[in-house]
Structures are given as C-alpha cells and as structure tokens.
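Computed from the coordinates by the stated procedures, all read-outs in this text should not be read as laboratory data. Note that this is a predicted model, so its numbers are computed, not measured. Backbone-built Cβ (ideal geometry, glycine too); neighbour counts: all protein chains shown.
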Amino acid sequence: MTTSTLTLTLVDDCEVSIAGLQAVLAPFAERVEIVDPCQALRDPSGIDVILYEPVRQSDFSRSLLRDLQKRAEAVAVVWSWARPEELPVHTAGPCLPKSLPAARLVAALEALREGRPTPWAETPAPPPAPRAPRPRVADLLAASVERAEEVAAQEAEEEARRVAEDGGRPGGVRLTPREQQVLALLTRGLTNTEMADQLTLSVNSVKTYLRQAYRKIGASRRAQAVAWSLENGLAGLAATLTEVQATTPPAETGPARTAAPAPAAAAAVAPVSVPAVVARTPLAAGAVS
C-alpha cells in the first residue's frame, strides 16, 4: 500500500530545532517533505501537518501560526521538549515529544494526518478551572459583625421573654413581700433585731423569713444574700422602707403610753408594693434569672 508524501511545516523560533528536524527526516524524504513556513503561508493548500513549539514562542511565530491555521486545512501538532502538563495554557493539538525517534515521528505524523490514533501522541492538559474568588477581609469582618448582632438580638429577645415570664420578680425568684423586705434591709447592714424593730416583727419571725429567702435564692451566708439582693435591685426597696420608718411618728412614753403607734407603723409598711418598688429600681429591669 503506497501513501502520498506528507508535507509539513515547522513554526519554531529555534534554528537548531529546524535544522535538526531536517537532518533526522532526511532518510525519509520519500515519505516526508518539509516546507518553509513562509512558503507554506503563500501556498497553504498543500500542507498536511503544522508542527509548532509553543514554549517561549515569539510574537512573530504566534502570528505566523495563527495565519497558517486559518488558511491551511492542516493538522496542528505540538512538537516540544516540554511535557503536556508543562505547556502554556490553551495549547491546542496533540503533542509529540522532540525525543521521539525519527521513524516513530514519521509514523505518528502519518497517523495524525489520516485521523488515526497513535501511541506516541499525548493531549495537553486542560486549563485549570478558575478559582472561586477568596472573600475579602472586609467582607469577613462585616459577616462577623452581622452574626454578632444577630446573636445579641436573640439574647436580648430571650432575656425579655424570660423577664416577662418571671413577672418582674427579682432574679425570677418567687419571694414574698416580707422575704423581699428582710433581704432589702440586709443591704443596709441591719441586724436581725434592727430589722425586727423596723418591720414590727419578732426576731424569730425575721430569722424565719431570712431562712426561707436564703433557700429560694440559693444563699448559705449573709454576704451571699447581700450580693444577690444588690444585684437584683432590692437596695431601692431598703431605701423606701427606711423612708417609711423615718416618717412614722414615735410612740408616746410614760403611763399614758398606748399601743396605737405600732398599728400605725404596720399600716405604713403594709402598703409597700414590692413589684411597684422594684419597678422604680433601675437594676430590677435587668434582673438576672
């Protein structure tokens, strides 16, 4: 079976490569004819294969290759020392290594001209997929601030809901008015006896209210109870109780002494509405459950 002579041209900026190709293919002159690229550009119809070196290609060679590919119905084949993955991006055509022996090079070129596969041709690696743009530092900071604001809003909403469910009670604890009063007077540094006098109670009653309040707020010492009372706004109640005590007239002395002052003091203390007083206290609105 005889085949027509393969006509090729080489676009390569290295003169050594051009001379080397002519030398190694000289024994195959009956099968391969090499044409100068400028001559091929003048008569592109007879060109079968365009060999080209894409590495360190000059602007002239790039323009010459582009014109040849437009005018000649030829197969463009990369002929390079570089591996396919080392070639410039967007390199087109199959790749033949310059290390390929002359006989195999001729056989590969004939196969490529006829559209047949050849084991010595490799395909350039596809260009890498574009990377997703990395977020800017400003965008990351903005997202972080936005997330922090969302968390703060959720916490504020949760706190408001908890306060509403607690009904405004100090720390969310169900304290009776008397328990709140004795805790409030603790913040003034009063002794049990002084609290009993101010609230018109017995010392044992004061101790009972304190024990009940301690158990509810989880305190085991007087200092813990004082700290809890200050944190939950009971200091304002203590000031109110002190004002009430100051405006209560003293009891008369002597044989004509009656028990009337005691009911008057009790009447003065009894109207103190704990929730109302706590509502006047700035710390009560921010009570911690």
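Listing for the model above:
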item: Radius 15 Å from Cβ of A143, net charge of other residues (Lys, Arg +1; Asp, Glu -1); result: -1
item: Fewest-first ranking of Y214, Y52, using other Cβ atoms within 10 Å as the exposure measure; result: Y214, Y52
item: At most 14 other Cβ within 10 Å, DSSP loop - trypsin sites (Lys or Arg not before Pro), the range 1-65; result: R56
item: Check: the range 20-93 dipole with +1 on Lys, Arg Cβ and -1 on Asp, Glu Cβ, in debye; result: 180
item: Pair V145, A227: separation of 7 Å Cα→Cβ label points (nm); result: 3.7
item: Computed label-point distance, nm, for sites Q212 and A103 using a 7 Å Cα→Cβ extension; result: 11.3
item: For the range 95-111, Karplus couplings with θ = phi - 60° (6.51, -1.76, 1.60), whole Hz, Gly/Pro x; result: 10, 10, x, 5, 7, 5, x, 4, 4, 5, 4, 5, 4, 5, 5, 5, 5
item: Cα-based shape type of the range 6-113, given that a ≥ b ≥ c are square roots of the gyration tensor eigenvalues and the cut on a/c is 1.5; result: rounded
